Amino acid sequence: MDIKRLSVTAGRDAILSAMEECGGVIIEGFLSPEQVQQLNTDIDPSMESLSAGSKHFDGWTQDFHGSMTKRLTNLVTISPTFARDILDKDLVHDLCEKVFTEESGTYWMTTAQVIEIGPGNKAQPLHRDQMQFPIWTKFGPAAPEACINFLIALTDFTEENGATRVIPGSHKWPDFSDYGLPQDTMPALMKPGDALLISGKVVHGGGFNKTDGNRRGVAFTFQCSYLTPEEAYPFMIPMETIKKLSPRVQKMVGFRSQFPKDSPGLWQWNYEELARHIGLMSN
């Protein structure tokens, strides 16, 4: 089974159908060349000052993060291009609403990070993004999506420089404790501006960078809003930045209350909308 490729103009239903069939789909032209250039300009200073490697001490996490890989988070603060052109992109929310609304009602962003795989970084351990919520592993393929992940190429993604590797069809395996083998994977080859959209159930991992250049992409993941995000955005993003963002983006990063299906509400202040308490709503 191959990873299907569709134009960004293919529309929500065609893109989701391809993801549901294969576990992932490449959306060509997700960002324009100008948007790619501006996003790289936004993040270049922070990437220059960032050290490669993991801040954790256990071996598996160090391998997962990559000894020669840089990971830049808090992109809403660092990059206006990310906050405006990516996190508020209509197609992103058309896809998320279709994935999450029926089962869970609402969703928010768990993380957004630039991942720059440097020369010599070995392949990342194969994994499913939903594995940090262990109950989903026990549920298997029949469970609703816990999360979906967009990975936008900001440089060429080639087999030689560490393109993300995916096992198409692994989102349908009966045993989610099975992560397959490296030889089962295939690379998601992309040009700058293309995006790989994957189910939280599909097995994947960053590839081995055998070149002398960097492979840079930005990954941003959405999940059911009753699950804890990876990034604690209300402690990271200044209020002056939040006030410039749309209500939709404010909700994605935890500055508005969440109302999952069949719930009286989460993330509230005294059982009122959080946004009202912190001054983002006038009444």
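If you go through segment 126-137 and keep only what is over 24 Å from Leu75 (Cβ atoms) and either in contact (Cβ under 8 Å) with a residue 60 or more places away in the chain or surrounded by 21 or more Cβ atoms within 10 Å (Cβ to Cβ) (or both), you end up with Leu126, Trp136. Take the conditions (1) more than 21 Å from Lys122 (Cβ to Cβ); (2) of a type in the set (A, V, I, L, M); (3) touching an Asp or Glu at 6+ places or on another chain (Cβ under 7 Å); Leu197 misses just one of them, which is (3).
A count restricted to segment 94-112 and to residues that are over 26 Å from Leu39 (Cβ atoms) and surrounded by 16 or more Cβ atoms within 10 Å (Cβ to Cβ) stands at 3.
Conditions tested, residue by residue: (1) more than 17 Å from the chain's Cα centre (by Cα); (2) within 13 Å of Pro125 (Cα to Cα).
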residue	(1), (2)
Thr164	no, yes
Gly180	yes, yes
Leu189	yes, no
Pro192	no, no
Val203	no, yes
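If you check Gly193, Gly140, Gly205, Gly120 for being surrounded by fewer than 17 Cβ atoms within 10 Å (Cβ to Cβ) and touching a Pro at 6+ places or on another chain (Cβ under 7 Å), only one passes: Gly140.
If you go through segment 18-36 and pick out every residue that is in a helix (DSSP H, G or I) and either basic (Lys, Arg) or surrounded by 15 or more Cβ atoms within 10 Å (Cβ to Cβ) (or both), you end up with 6. Taken over segment 78-132, the residue count meeting the criterion of being more than 26 Å from Asp63 (Cβ to Cβ), modelled with pLDDT of 95 or more, over 15 Å from the mean Cα position of the chain (by Cα) and of a type in the set (Gly, Ala, Ser) is 1. Scanning segment 40-92 for residues that are in a loop (DSSP other than H, G, I, E, B), of a type in the set (Gly, Ala, Ser) and in contact (Cβ under 8 Å) with a residue 40 or more places away in the chain, we see that the one that is farthest from Gly213 (Cα to Cα) is Ser79.
Put simply, of Thr61, Thr69, Thr73 the only residue that is surrounded by fewer than 16 Cβ atoms within 10 Å (Cβ to Cβ) and hydroxyl-bearing (Ser, Thr, Tyr) is Thr61.
Between Ile115, Ile152, the distinction of being in a strand (DSSP E or B), surrounded by 21 or more Cβ atoms within 10 Å (Cβ to Cβ), out of contact with any helix residue (DSSP H, G or I) (no Cβ under 8 Å at 6 or more places or on another chain) and not aromatic (Phe, Trp, Tyr) belongs to Ile115 only.
When segment 102-130 is examined, which residues are found to be touching a Phe, Trp or Tyr at 6+ places or on another chain (Cβ under 8 Å) and more than 21 Å from Met252 (Cβ to Cβ)? Residues satisfying the conditions are Asn121, Lys122, Ala123, Gln124, Pro125, Leu126, His127, Arg128.
Looking only at segment 237-283, residues that are free of Cβ contacts under 8 Å to residues at least 40 places away in the same chain, crowded, with 17+ Cβ neighbours inside 10 Å and in a loop (DSSP other than H, G, I, E, B) come to 4 in all. Quick check on Thr211: is it of a type in the set (Ser, Thr, Tyr), surrounded by fewer than 23 Cβ atoms within 10 Å (Cβ to Cβ), assigned to a helix (DSSP H, G or I) and out of contact with any Cys (no Cβ under 7 Å at 6 or more places or on another chain)? Judged against the criteria, Thr211 is not a match.
The values are calculated or read from the model by the stated rules, or taken from the named source; none is laboratory data. These figures come from a predicted structure and were not determined experimentally. Every residue, glycine as well, gets a Cβ built from its backbone with ideal geometry; the counts of neighbours run over all protein chains shown.
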